[in-house]
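Q: I have a structure I would like to understand better, so I am pasting it below and will then ask my questions one at a time.
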Amino acid sequence: MTRLPGPKLDARTAAGDRAAARDPTAVRDRAAARDRAPARALIRRAAGLALAAAVILGASPPSLQPVPDSGTPAGIALANSALPPITVYLDRLTVDFDVPPVISGDRALVPFRFLAEALGCTVDWSEADRRVTAVDIYNGRTVILFADRVEAFVDGQVHLLDVPARIIDGRTLIPLRFFSEALGALVEWREATRTITVVSPRRPMTVLGYYALGGRDDSSWAELFGAPYPAVASGGTDVVSEIACSWFVLDPATGRLILDDDYYRQTRPASWQDVLRQAGEHGLRAEMMVFKANADGDLDRFLADPAAMARAVEEILAYAVDFAGVNLDLEYLGRRQAGEELALTRQRFTGFVRLLGDALHSRGKTLTLSLHPLNSWFPGYDWAALGEIADRIVIMAYNYTTLKGPEPLDKVIEAVDLALAVVPGEKLLLGLLVGRDGTYETPESLVAKIGLAKRRRLAGIAVWRLGVVGPERLEVIRRAVSRPPAP
């Protein structure tokens, strides 16, 4: 698959002609195009002046090359009328349209709203001048197209289209390539499968990396800071924006925190202050992670013990002084429970989270929860109530299978959508599991999972864990997202 090198907004530029040679939906007679170039330049200049004036005055701009609207215009064919239907993929995820793509003048037109919103834009339709407007929510870039007019605007600059937007079956269909590339996306046509692949532009998103001790070959320090401890190089600090330091294990019997747990290999290193210092120098937020799995019901007993919970809050607050907040990861709640028993588990866990959250917030600290998703085996979490207390929730959308391959995409999509039904997207991070030697999520599957987080407009992603991500998967993350600006 050949990736197109960057946006080409004007389909009639030389770069656009090179793209057309690779894209059978964009074939043009190059010699004729060169002959028309001088006249076209004059037309474009006149178009720019006339359209700019019209926009400033709030009037409907004149059409320089009007296209008659005949209901089902000549030269337009449904993509599935004679050949197999065209499928559009955005970041390896299908884009489902309510009106199928059409071919017009060797260009693919797709429903405006579906594509624009999938690419992270707000959309608007003006009936008066039959205009669609998309505004990128991340950088403010504005793209304006008119039904049956060959002029378009990108941030106020006029561009002439090969094929205009059209209204078909009550939907405004727009040129996919022009619009996507105007927003900085990459577009590619595969004739053999009649598919169009779109790679969304980089978006600013939180990337939380779980920082564990690791060993010589899987050191979180080496992957994050780019060199074996105590050296520092570039590493992943250009894309990782936060770390959750996996150094604390809850003792449910006493409410104390264990800092040298051998069973879970979550131990606070002797160099922990160096980790926090380097994190600060690289502008990384650091939270302390408190972990415990519900082995043999010991967390159930902890949640039924007010004294143990109060002691746990005191312990956490004492260590939280050195961190921006706390990431609480109490796992396996509610398995094999139902009815009143399950309701009681949810109520007790929510009560503990509220106790801890109130104490942290009063001290200016944040609370993140790492939770099993709503479609997991562990239903002991009241997501709606927890979403009101916590600052953020990590959707641990993994362990759906015992295989060491990528998590089933349909289950991850379901997990995200269930979470979004009860918690705002700006509070959610999609948890991704990566393992040694390329196990679990692969570079290819990461593209789709990160693309899902972008399309659903989540706050970001959370990766378990630093030290085993590897250069190839780290590069996938780097190409998809950028560090958000500092608050």
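Throughout, read-outs are computed from the coordinates displayed, never taken from laboratory work. Computed from a predicted structure; not experimentally measured. Because the Cβ atoms are built from the backbone with ideal geometry, glycine has one as well, and the counts that use them run over all protein chains shown.
Q: Tell me, what ³J(HN,Hα) does each residue in segment 227-243 have, in order and in whole Hz, if you take phi through Karplus 6.51 cos²θ - 1.76 cosθ + 1.60 with θ = phi - 60° and put x for Gly and Pro?
A: Computed from phi, the couplings for segment 227-243 are 7, x, 4, x, 5, 9, 10, 7, x, x, 6, 6, 10, 6, 10, 8, 10 Hz.
Q: If you don't mind, there's one more thing I want to ask. For segment 177-258, which trypsin sites (Lys or Arg not before Pro) are in a loop by DSSP, counting at most 11 other Cβ atoms within 10 Å? It would help to have the intermediate numbers written out before the result.
A: On the way: sites: ARG177, ARG190, ARG194, ARG202, ARG216, ARG256; in loops: ARG194, ARG202, ARG216, ARG256.
Hits after loop and neighbour filter: ARG216.
Q: With θ taken as phi - 60° and the coefficients 6.51, -1.76 and 1.60, list the Karplus ³J(HN,Hα) couplings across segment 262-274 in order, rounded to whole Hz; mark glycine and proline as x.
A: Values, residue by residue: 7, 5, 8, 6, 10, 10, 6, x, 4, 8, 4, 5, 5 Hz.
Q: Calculated FRET efficiency, ARG363 and THR142, Cβ-Cβ r, R0 45 Å, to nearest 0.05?
A: 0.60
Q: What ranking do PHE178, PHE97, PHE352 get, fewest neighbouring Cβ atoms within 10 angstrom at the top? Intermediate values should be presented prior to the final figure.
A: Details: PHE178 26, PHE97 17, PHE352 20.
In order of increasing Cβ crowding within 10 Å: PHE97, PHE352, PHE178.
Q: With the dipole of segment 203-482 worked out from charges on the C-beta (+1 for Lys and Arg, -1 for Asp and Glu) around the Cα centre, which of GLN337, MET309, TRP464 lies farthest toward the positive end?
A: Ranked along the dipole, the leading option is TRP464.
Q: Between segment 190-221 and segment 423-465, how far is it from one alpha carbon centroid to the other, in angstrom?
A: 8 Å
Q: Would you mind working out the magnitude of the charge dipole of segment 203-482 relative to its Cα centre, with +1 at each Lys and Arg C-beta and -1 at each Asp and Glu C-beta, to the nearest 20 Debye?
A: Here the size comes out at about 580 debye.
Q: Evaluate E = 1/(1 + (r/R0)^6) for GLU388 and LEU83, where r is the Cβ-Cβ distance and R0 equals 60 Å; express this FRET efficiency to the nearest 0.05.
A: Working: r = 51 Å, r/R0 = 0.85.
Working from the Cβ atoms, E equals 0.70.
Q: Identify, among ALA253, ALA318, GLY431, the residue whose Cα sits farthest towards the positive end of the charge dipole of segment 203-482, taking +1 on the Cβ of Lys and Arg and -1 on the Cβ of Asp and Glu, with the dipole about the Cα centre.
A: GLY431
Q: How about LYS449: which lysines have a C-alpha closer than 21 Å to its C-alpha, ignoring those fewer than 8 places off in the same chain?
A: LYS449 reaches LYS404, LYS411, LYS427.
Q: In what order do HIS282, HIS361 fall by count of nearby beta-carbon atoms within 10 Å, going from fewest to most?
A: Starting with the residue having the fewest Cβ neighbours, the order is HIS361, HIS282.
Q: State, to one decimal in nm, how far the label point of ASP298 lies from the label point of LEU259, with both points 7 Å from Cα in the Cβ direction.
A: So the label points at ASP298 and LEU259 sit 2.0 nm apart.
Q: If you keep only loop residues by DSSP, which chymotrypsin sites (Phe, Trp or Tyr not before Pro) in segment 276-338 have at most 12 other Cβ atoms within 10 Å of their Cβ?
A: Sparse-neighbourhood loop chymotrypsin sites (Phe, Trp or Tyr not before Pro): none present.
Q: Report the calculated FRET efficiency for VAL123 and THR94 (r = Cβ-Cβ distance, R0 = 22 Å), to the nearest 0.05. Intermediate results must be reported in sequence, preceding the final value.
A: Values: r = 20 Å, r/R0 = 0.90.
Plugging the Cβ-Cβ distance into 1/(1 + (r/R0)^6) gives 0.65.
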